[in-house]
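Right, one structure below, let's go through it.
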Amino acid sequence: MILVDKLEEIRRKIDAMDAKILGALGERVYLAKEIGEYKRSVGLPVTDPAREHKVIQKIGDNAARSGLPREGVEEVYEGIIRLCRSVQIEETKIAFLGPRGTFCEQAAREYFHNANATFEEKPSITDVFRSVEVHETDRGIVPAENSNEGSVVLTLDLLKDTDLKISGEIILHISHNLIVKPDMTLSDISQVSSHPQALAQCRRYLDENLPKANRLEVHSTAGAVKMASESHNVAAIGTELSAQLYGMKVLARGIEDDRNNQTRFFVLGTEDQEPTGNDRTTITFSVKHTPGSLHEALGTLSSRMINLSRIESRPARSKPWEYVFFCDFEGHRKNTNCQDALEELRRKTTDLKILGSYPRAQ
């Protein structure tokens, strides 16, 4: 009897605590709604992934110091932020390079998994940029570079030529899967279709397991899966997302030769993000065609111990045999040392443009 009374007493305390938590949650949702209304009134984007990331990181730090499991508390707060976002906006429209079921859609869904978002496929990178520029969509996702193939030059050129900013990035591990109809086995396959790069990246698996199967190149991995769903004895190499989309079965996972293949995607917006303490900045510039000009320009970063994480050149279309440089460095344009470096860099270069400061991919 005493044990039962004690249990009921603890349960009453838990009920009382739940009521307090629910009351505090209601207040937080109300404040979030006020923020959303204010941002809309002054023309600011309602969603702010950088701020949300910072809040969750701070909550995780406080939880760890209090002896609570960081991962569990962060997961709870991700849910709270999703709830708050749902009352701020009806939905966020995200444009991605189609077709459906590609790695670009997978990157978009992973990056905005906490958002109340809808996803719109676009037929080209140019169309993704345009949809964000004319406010048809709120954000866009485009491929930026691959660890094996290098940069996507059209993305770089459009960033240089438009007013859009890089507001985030996500790095996606490129894992290829052998996809078939639900009733098929390996011995049923007479043809394998996919994008030329995917076929090349899975050559070893295909040579060892399907040496007699014809290999058909198509325009996209998702297109290959769609075709396989409509054909007999045809397999495709594609994403798990595309398999789900077309009601197909993943017969073999991770069949790529190189397990370190990764693609970096940029999140496009009308403005970049506020500092989070773990940021990256992307810039583009030109230098005078004189000895040592590039070395002198880059010295503005190294002298301030700013780490240059990427540099590459593209031909300057307006000046034959001269080049435009694209650079990534660690830090945010609003950090004091980065501000000083950019001011000096502007004096030592021509056409300097900040393409965005944004949270680094985790």
*Neighbours by Cβ (under 6 Å, 6+ apart or cross-chain): first from segment 151-179, farther than 18 Å from Thr263 by Cα and outside the structural domain of Gly356 (by TED's automatic domain parsing); second crowded, with 22+ Cβ neighbours inside 10 Å and acidic (Asp, Glu)*: Lys165/Asp272
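Is it fair to say Asp183 is charged (D, E, K, R) and more than 28 Å from the chain's Cα centre (by Cα)?
Working: charged (D, E, K, R): yes; more than 28 Å from the chain's Cα centre (by Cα): yes.
Yes, satisfied.
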*asked:* Need the failing condition index for Leu298 against (1) in contact (Cβ under 8 Å) with a residue 60 or more places away in the chain; (2) crowded, with 17+ Cβ neighbours inside 10 Å; (3) of a type outside the set (D, E, K, R); (4) at negative phi, just the number.
replied: (1)
_Set Gly292, Gly277: member being exposed (fewer than 14 other Cβ atoms within 10 Å of the Cβ), on the phi > 0 side of the Ramachandran plot, under 26 Å from the mean Cα position of the chain (by Cα) and not hydroxyl-bearing (Ser, Thr, Tyr)_ = Gly277
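Restricting attention to segment 304-321, report how many residues are in contact (Cβ under 8 Å) with a residue 12 or more places away in the chain and either in a loop (DSSP other than H, G, I, E, B) or not hydroxyl-bearing (Ser, Thr, Tyr) (or both). Even if it seems obvious, please write down each step before you answer.
Pass one, segment 304-321, residues in contact (Cβ under 8 Å) with a residue 12 or more places away in the chain: 304-314, 316.
Still in the running and either in a loop (DSSP other than H, G, I, E, B) or not hydroxyl-bearing (Ser, Thr, Tyr) (or both): 304-308, 310-312, 314, 316.
Count: 10.
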*Looking only at segment 147-193, which residues are of a type outside the set (A, V, I, L, M), surrounded by fewer than 17 Cβ atoms within 10 Å (Cβ to Cβ) and either part of a strand (DSSP E or B) or in contact with a His (Cβ under 7 Å, 6 or more places away or on another chain) (or both)?*
Gly150, Ser151, His173
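Does Ser313 fit the bill of being at pLDDT below 95, farther than 30 Å from Leu199 by Cβ and not assigned by TED's automatic domain parsing to the domain that holds Glu110? Spell out the reasoning first.
On the way: at pLDDT below 95: yes; farther than 30 Å from Leu199 by Cβ: yes; not assigned by TED's automatic domain parsing to the domain that holds Glu110: yes.
Considered against the rule, which asks whether it is at pLDDT below 95, farther than 30 Å from Leu199 by Cβ and not assigned by TED's automatic domain parsing to the domain that holds Glu110, Ser313 comes out as yes.
Please work out which residue is surrounded by the most Cβ atoms within 10 Å (Cβ to Cβ), limiting yourself to segment 324-360 and to residues that are more than 22 Å from Leu164 (Cα to Cα) and touching a residue at least 24 places away in the same chain (Cβ under 8 Å).
Step one: list which residues in segment 324-360 are more than 22 Å from Leu164 (Cα to Cα), which gives 336-337, 340-341, 344, 347-348.
With touching a residue at least 24 places away in the same chain (Cβ under 8 Å) added as a condition, the list becomes 337, 340-341, 344, 348.
Numbers: Asn337: 13, Asp340: 14, Ala341: 23, Glu344: 16, Lys348: 17.
Per the stated criteria, the residue is Ala341.
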*Scan segment 254-303 for residues that are out of contact with any His (no Cβ under 9 Å at 6 or more places or on another chain), over 20 Å from Glu110 (Cα atoms) and not in a loop (DSSP other than H, G, I, E, B) and report the count.*
15
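The values are calculated or read from the model by the stated rules, or taken from the named source; none is laboratory data. Keep in mind it's a predicted model, so treat the numbers as computed, not measured. A quick note on method: Cβ atoms are made from the backbone with ideal geometry, for glycine too, and the neighbour counts reach across all protein chains shown.
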